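Read-outs: derived from the displayed coordinates by stated rules, not from any lab. Computed from a predicted model, the values in this text were never measured in an experiment. Note that each Cβ is placed from the backbone with ideal geometry, even for glycine, and that neighbours are counted across all protein chains shown.
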Amino acid sequence: MQKALFIKIALVLLLAMLINIPLGMMNNLVDERQARQTQVAAEIANSYAEPQFITGPLLVLPYTEEYAVRQEAKSTDDGDARQRTRIQRRSAALYLTPHTLNVKGTLATDIKKRSLFEVPIYTLDSSWEGAFEIPSRLDVPRRAENSQIIWGRPYLSLAVNDPRGFASAP
């Protein structure tokens, strides 16, 4: 009786070990497919743009600040100190955000297939409309009180992390 019970227990353990062999093979196959899915998604993503992060729009107001700097220079002949005035220039810019900004768009999803795998690709068709309010007096940080501000040509700036994502010029 005990011999039969021992044989039954041994058979159950043997069957459990034999069942683990195909389960382990299936687990390896699943792991390989998941790794391949990740690789295919990366390959497709590399052929398109990276995920987009958009900053802006910003109105950039470039300027140059000119100011006089007085320096004392010693004369070698008579030992008197003389003052010399030199003009310094510093270029910088002010950045203004829009007072109002309306963004309208439609998001389309497309499925790209490669072998067994499908990867979603998103496309945004958008239009942006905004208004900037330029204050009557701009607070420009100055290095000297008597400096003169020379304004450059303003322009709009839109920062994106991967310009390949644009189908046409914004």
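Percent relative contact order of the stretch 32-130, based on C-alpha pairs within less than 8 angstrom and at least six residues apart?
Rounded, it is 24 percent for the stretch 32-130.
Calculate one ³J(HN,Hα) per residue across the stretch 105-116 by plugging θ = phi - 60° into the Karplus curve 6.51 cos²θ - 1.76 cosθ + 1.60, and present them in order as whole Hz with x for glycine and proline.
x, 10, 9, 10, 10, 10, 10, 9, 10, 9, 6, 7
What is the stretch 76-170's relative contact order, in percent, from Cα pairs under 8 angstrom and six or more apart in sequence?
23
Run the dipole for the chain about the Cα centre, Lys and Arg Cβ at +1, Asp and Glu Cβ at -1, nothing else charged, and hand back the magnitude in debye, nearest 20.
480
Report the FRET efficiency, 1/(1 + (r/R0)^6), for Glu129 and Gln88, where r is their Cβ-Cβ distance and R0 is 41 Å, rounded to 0.05.
0.50
Quote the charge dipole size of the stretch 18-70 about the Cα centre in Debye, to the nearest 20; the model charges only the Cβ of Lys and Arg (+1) and of Asp and Glu (-1).
So the dipole magnitude of the stretch 18-70 works out to roughly 120 debye.
How about Lys113: which aspartates and glutamates have a C-alpha closer than 14 Å to its C-alpha, ignoring those fewer than 8 places off in the same chain?
Cross-link targets: Glu43.
For the stretch 101-115 and the stretch 125-170, what is the separation of their Cα centres, given in Å?
28
Starting from the 7 Å offset along Cα-to-Cβ, what nm value, one decimal, do you get for the label separation of Ala167 and Ala108?
0.5
Counting Lys +1, Arg +1, Asp -1, Glu -1, what net charge surrounds Met25 among other residues with beta carbon under 14 Å of its beta carbon?
Net charge around Met25: -1.
Show that you can apply the helix-only estimate: for the chain, add -39,500 (n - 2.57) for every DSSP H stretch of four or more residues, divide by all residues, and state [θ] at 222 nm to the nearest 500.
-10000 deg cm²/dmol
Given (1) 74; (2) 46; (3) 52 as candidate values of percent of Cα pairs over 21 Å apart, which corresponds to the one derived from the coordinates?
Answer by label: (1).
Using a Förster radius of 30 Å, what is the FRET efficiency between Thr55 and Ala144 based on their Cβ-Cβ separation? Nearest 0.05, please.
Step by step, r from the Cβ atoms, then E = 0.40.
Within the stretch 41-57, what residues put their amide N at less than 20 Å from the label point 7 Å along the Cα-to-Cβ vector of Phe117?
41-52
Obtain the nm distance between the two label points defined at Thr97 and Leu29 by a simple spin-label model: each point lies 7 Å from its Cα along the Cα-to-C-beta direction.
In this crude spin-label approximation the distance works out to 5.4 nm.
Is the C-alpha gyration tensor of the stretch 102-170 telling us rounded, prolate or oblate? Criteria: a/c under 1.5 is rounded; beyond that, a/b larger than b/c is prolate, otherwise oblate.
It is prolate, given that a/c is not under 1.5 and a/b is the larger ratio.
Determine the shape class of the stretch 37-128: with a ≥ b ≥ c the square roots of the Cα gyration tensor eigenvalues, call it rounded for a/c under 1.5, and otherwise prolate if a/b is greater than b/c, oblate otherwise.
oblate
Round to the nearest 10 and give me the degree value, 0 to 90, for the angle of helix 2-47's Cα axis relative to the longest principal axis of the chain.
30
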